[in-house]
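Structure record follows, encoded as structure tokens.
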Amino acid sequence: MARFNKLHAAAAALFLLMALVVPFIPSDYLFDAILTPMLAISLAALGLNLLAGYAGQVSLGSAAFMAVGAFTAYNCLLRVPGLPLLVDLGLAGLVTAAVGVFFGLPSLRLQGFYLAVSTLAAQFFVQWALTNFAWFSGGDTSGVITTPPLFIGPMAIDSPVRRYLLSLLIVAALTALAVRLVSGRAGREFLAVRDHELAARVLGVKILRTKLFACAVSSFYIGVAGALWAFLYLRTVEPAGFDLDRSFEILFVIIIGGLASIRGAFLGAAFIVVLPLLLSRAGAAVFGSTFDSGLVDIVEKIILGVLIIFFLRVEPAGLSALVARIRWQHITRSRTVETSGSLT
Amino acid sequence: MDWGFFAGVAIAGLLAGVMYSLVAIGFVLIYKTSSVLNFAQGAMVLFAALTFVSLHEEGLPFWVAFAVTLGAMIVLGILIEALVLRPLVNQPPITLFLATLGLSYVIEGAAQLFWGTQVHSLDLGIEDVPLPLNAILISQFDVFCAVVAGVIVAALTILFRYTRTGLAFRAAAEDQYAALNTGLRLPVIWASIWGVAGFVSLVAGLLWGARTGVQFSLSLVVLKSLPVLVLGGFDSILGAIVGGLIIGLTETLAEVYIGPYVGGGIDQWIAYVIALGFLLVRPTGLFGQRSVERV
């Protein structure tokens with residue numbers, strides 16, 4: 001069991017702040033356009049980080065698993081009347097976990113970018129299947145499905161703040177679970193497989209079981225994230241939003257935030273959600289109306305690409321390491337002051 | 001079964017496969033000498049085609065535009081080698097792969113920022129009249145592409161096998177430390193191989209651009225050529241050709257004969273499934289030399 005340390009206390013304080021204080025900020029924009037999508041992206045990145053950062057199996061198909069989660073949640077709500085929302089989200093995670101294990105099977109024989117390429121198969125196949133078979137959309141052929149109204153018990157989840165709070169609670173619970181997971185035996189086995197498969201095997205780590213378990217847990221998280229993304233952020237379910245670019249985006253979140261770091265997923269997600277908003281504001285302020293949304297996309301792409309290369313070169317542990325270093329400097333500086341104080 | 005129609009579909013598929021091979025060769029060149037799976041290859045194809053077509057539209061004659069673009073591709077290659085890959089030397093392959101993924105975003109963005117996002121048409125002066133061959137119609141343009149691909153493969157084979165430069169390339173591919181030890185300058189070798197890869201991307205960009213129009217989707221050809229590489233092996237030029245032919249053939253046949261039963265569009269993923277199924281049986285691909293699993 002992970003010891004409850006200062007870091008956990010800080011996380012708990014942050015959660016209380018987000019849950020008790022932030023909801024009183026009177027801005028629907030803040031919840032609908034920033035915080036709710038950020039939470040969903042964080043959860044997906046957390047899932048990918050368990051697989052890629054901790055267990056070392058890079059996947060380029062995260063968006064496909066988000067789509068599986070979203071469509072499972074939609075279909076279960078549609079076909080099982082009276083299904084509680086939380087059970088529905090759990091089912092979304094479980095089905096995605098099963099699909100993830102299926103597409104994770106090649107990882108038993110492949111490593112590195114061979115596996116990365118094979119996860120593209122999942123990306124293209126899932127998107128194709130969801131578009132081509134009307135059954136997945138409940139017979140709706142328009143391609144865009146509006147999500148049904150959501151309830152937890154008698155309470156309708158129908159306002160920006162409520163959608164945000166529900167996301168927050170689910171993400172917080174799953175994050176706590178993930179912290180527990182990576183600080184225990186499973187986390188150590190993930191790292192062992194990542195760092196040296198043969199050595200891990202010699203130490204008695206069951207490679208096959210560990211890899212498939214990593215696939216399952218990771219896909220569970222990504223599936224729930226997909227359901228949150230579709231139900232609480234977009235409020236529509238459509239395959240088009242879960243394309244390869246979204247997969248890359250999740251991957252970029254964990255590279256920028258920090259591989260094999262829980263808080264990295266949150267830092268990276270905050271960055272990736274806020275960057276385009278800041279860019280379009282800054283662009284409009286500096287260049288006026290010539291800085292249109294097309295140009296924002298292009299500039300955002302270049303900045304993202306440069307940042308990826310920058311972080312891989314200079315700070316492979318991402319924003320998470322920067323935060324850790326600032327904290328460390330803060331601690332050492334205050335200690336130095338203390339010591340020098342006691343000397344004089 | 002209509003065998004004449006079957007043969008027509010098969011030949012069209014094989015010729016489409018040649019187009020995939022052209023892009024795959026660029027990957028193989030980089031992978032062979034520096035063990036980097038360069039995801040930015042598609043972005044390089046886009047960049048080359050956009051630069052060429054924009055210069056050509058500005059009024060530069062074909063060969064001048066070609067030469068200028070080639071120069072730009074070589075400079076781009078040298079910059080990539082110096083700024084992105086050399087600092088990351090000795091990192092795990094997957095880190096290098098992710099770096100080239102970031103790189104592809106930068107190149108795609110830069111190409112669109114410089115040259116705009118509109119679609120350009122490109123006319124190489126080859127008329128696309130169907131050639132009749134025993135009642136089967138074959139696109140003349142496709143045949144031209146196949147000939148160009150053949151010439152490039154022959155030239156690269158000669159370069160690698162019979163020249164000192166090629167020997168140096170092979171030495172660097174075989175063992176970087178040993179190559180350094182015999183006095184080879186790896187940065188020079190890497191820069192020149194990026195130049196060659198730039199040339200291949202330019203040719204691929206022109207042919208694909210003439211076929212589909214020069215636009216952003218050109219950079220997506222990278223996704224079509226990845227299964228080709230998996231099938232053929234990342235380090236074999238011959239593999240890239242044979243892999244491309246197999247993928248092109250099966251993809252087209254599957255789309256025509258299986259597609260109608262499942263609602264079409266299976267060419268989006270069938271190549272990956274073929275490659276994946278093959279990989280499970282033989283993880284090094286058809287002609288790959290190195291073992292995938294290194295401990």
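Bear in mind that the values in this text are calculations on the coordinates, not laboratory data. All of these numbers come straight from a predicted model, not from anything done at the bench. Note that each Cβ is placed from the backbone with ideal geometry, even for glycine, and that neighbours are counted across all protein chains shown.
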The set of residues whose placed amide H lies less than 5 Å from the amide H of B:Ile138, leaving out same-chain residues fewer than 5 positions away, is B:Leu131, B:Leu133
Reduced to Cα centres, the span from the range A:71-85 to the range B:13-44 in Å works out to 44 Å
For A:Ile152, the residues 5 or more places away or on another chain with a placed amide H closer than 5 Å to its own amide H are A:Ile157
Straight-line reach check, B:Lys224, cutoff 21 Å on alpha carbons, 8 or more apart in-chain or any other chain, hits among lysines -> B:Lys32
Here the longest stretch of chain B that holds no GluC sites (Glu not before Pro) in a DSSP loop having at most 11 other beta carbon atoms within 10 Å is B:128-295
Over chain B, the sum of -39500 (n - 2.57) across DSSP H runs of at least four, divided by residue number and rounded to 500 deg cm²/dmol, gives at 222 nm -23500 deg cm²/dmol
Taking a ≥ b ≥ c as the square roots of the Cα gyration tensor eigenvalues, with a/c under 1.5 meaning rounded and otherwise prolate when a/b beats b/c or oblate if not, the range A:88-185 comes out oblate
Filtering chain A for DSSP H helices with an axial alpha carbon extent of at least 27 Å and a Kyte-Doolittle mean of at least -0.5 returns A:85-104, A:112-132, A:160-182, A:207-228, A:262-287, A:293-314, A:318-343
On the formula 1/(1 + (r/R0)^6), with r taken between the Cβ atoms of A:Leu177 and B:Asn90 and R0 of 35 Å, the FRET efficiency rounded to 0.05 is 0.45
The rounded separation in angstrom of the Cα centers of the range B:59-118 and the range B:185-244 is 13 Å
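With contacts defined as alpha carbon pairs under 8 Å and 6 or more residues apart, what's the relative contact order of chain B in percent?
With pairs under 8 Å counted, the relative contact order is 35 percent.
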For the range B:189-205, in residue order, the Karplus 3J(HN,Hα) values (coefficients 6.51, -1.76, 1.60; θ = phi - 60°; whole Hz; Gly and Pro = x) are 4, 5, 4, 6, 5, 5, x, 4, 4, x, 4, 4, 5, 4, 4, 4, x
So for the range B:1-146, using the alpha carbon gyration tensor with a ≥ b ≥ c as root eigenvalues (a/c under 1.5 gives rounded; past that, a/b versus b/c decides prolate or oblate), I'd call it oblate
Whole-Hz Karplus couplings 3J(HN,Hα) for the range B:51-68, θ = phi - 60° and coefficients 6.51, -1.76, 1.60, Gly and Pro as x, run 4, 4, 5, 5, 5, 4, 5, 6, x, 6, x, 3, 6, 5, 4, 4, 5, 4
